[in-house]
Amino acid sequence: MSSNINFKDLWKQQPVIEPDMKDLVNRLHQFKQSNIRRLIMTNILLIATSLFIGFVWYYYQPKFITTKMGIVITVLAMVIYLFVYNKMAALFNKIDNTSDNTHYLQKLIIIKGKQRFLQHTMMNLYFAMLMTGICLYMYEYTSRMTMTAGIITYAVTLTWFIFNWFYIRPKTIKKQQAKLDDLISKFDGINKQILDDSHLL
Amino acid sequence: MTFDEIYKIYWQKIFRLCLGYVNDFDWAKDIAQETFIIVWQQLPKFKHESAVGTWIFRIATNNCLRQIEKDKRTPKAALPDDLKDEKQSSIEPQIRFLYQCIAELPETDRIIISLELEDVKQSEIASITGLSEANIRVKIHRIKEKLSQKFKAHAHEQ
């Protein structure tokens, strides 16, 4: 069936806004600035956490090795978390956006899968390290308390941890994963459009 | 080719491609501008292995595909207010209907038909999408058939 409608003609008659170089330069400027801002923000957070650990170490002069280990593990948890999240953002910069649509989509699906795995592993690691770190850190101070006060302190902290581990952690992971799963399935859907049609000929 | 030249030559083509993909003027402008930001970033790395047009259309179409990641935008009027005042009276409803029909197609079909209507060679469309030329030919035929049917049905309704 051939059509009498000239689609090409119609397509090109669509009024188009004029190219606006000034507007584009503005966008470029904003883009560069937001990249720099992001870099500064990440580094400020990293420097601030490092300074904080130094301050606690110096000011409170912990005597027990457990306290020092606790501080290191807690801060390490935050640093690793930040580092991996930055790495994840960098993953996307590695996709070659000048490759053809089929390859691009496949790469995108792989990367989203990697992101899914990283997020899951990272959340678990982050919570586990934070809990271990804080328990170790507390030991020096609770050991100076009476037995009952010490037990109560640990009981309250551990209850809080259990709540975190069994409620907050799965909820956070589920929320993150749901968003990613949705995206992956949409990308898969488009990819399927391509694959399904390869049997056309 | 300098960035300025590329921008002037390809802006309209890229903008129409984006408009066909989303059928939303503001959104299309955003995607088109994002595309040129990527072009600007990648231009020093461009190795002339493919035609500059193919290269730009690849960036633009990949960028369109990434739009799924953005939060769903509520479709607005197909034209911004400033453009509406001046030109709406002269716009054929048929043009609007064409863009609307294209935006309703599956994602890959939207890209293929937009490139075809933009007079991109079928071999180039194949290289942009990563499909075979024969496949593209069949697809274009089917999409055009689908569009014709929609236009006919639309004409009957009116």
request  = Taking the dipole about the Cα centre of the protein assembly as shown, with the C-beta of Lys and Arg at +1 and of Asp and Glu at -1, give me whichever of A:Gln13, A:Ile190, B:Ala60 is farthest to the positive side.
outcome  = A:Ile190
key: chain B: relative contact order as a whole-number percent, Cα under 8 Å and 6+ apart   = 26
request  = Stick to Cα atoms and the Kirkwood definition of Rh, then tell me Rg/Rh for chain A.
outcome  = 1.18
request  = Relative to the longest principal axis of the C-alpha atoms of chain A, give the angle of the C-alpha long axis of helix A:147-163, reported between 0 and 90° and rounded to the nearest 10°.
outcome  = 10
ask   = Roughly how crowded by other chains is peptide B:30-37, in terms of the mean Cβ count from those chains within 10 Å of each of its Cβ atoms?
value = 3
task = Would you mind getting the Kirkwood hydrodynamic radius of the protein assembly as shown from its Cα pairs, rounded to one decimal in Å?
result = 24.3
ask   = Roughly how many Å² of A:Thr146 are accessible to a 1.4 Å probe, to the nearest 10?
value = 90
task = Give me the Kirkwood hydrodynamic radius of segment A:1-78, using the inverse of the mean 1/r over all pairs of distinct Cα atoms, in Å to one decimal.
result = 18.4
key: With Cα atoms, 0 to 90° folded angle of helix B:52-65 axis to chain B main axis   = 60
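Quantify how strongly other chains surround peptide A:99-108 by giving the mean number of their Cβ atoms within 10 Å of each of its Cβ atoms.
Per residue, the number of nearby Cβ atoms from other chains is 6 on average.
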key: Longest exposed-site-free window of chain A, the sites being trypsin sites (Lys or Arg not before Pro) in a DSSP loop that have at most 14 other C-beta atoms within 10 Å   = A:1-62
ask   = Using Cα atoms only, what is the angle between the long axis of helix B:133-157 and the major principal axis of chain B, expressed in degrees (0 to 90) to the nearest 10?
value = 20
remark   = Once normalised by the length of segment A:92-186, the mean sequence separation of its alpha carbon contacts under 8 Å that are 6 or more apart gives a contact order in percent of 39
message = Could you compute Rg(Cα) / (2.2 N^0.38 Å) for chain B, with N its residue count?
response = 1.08
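The values are calculated or read from the model by the stated rules, or taken from the named source; none is laboratory data. Quantities reported herein were computed from a predicted structural model and do not represent experimental measurements. As a convention, Cβ positions derive from the backbone with ideal geometry for all residues, glycine included, and neighbour counts pool all protein chains shown. Surface accessibility is based on the protein's heavy atoms, side chains included, excluding ligands, DNA and RNA. Shrake-Rupley method; radii C 1.70, N 1.55, O 1.52, S 1.80 Å.
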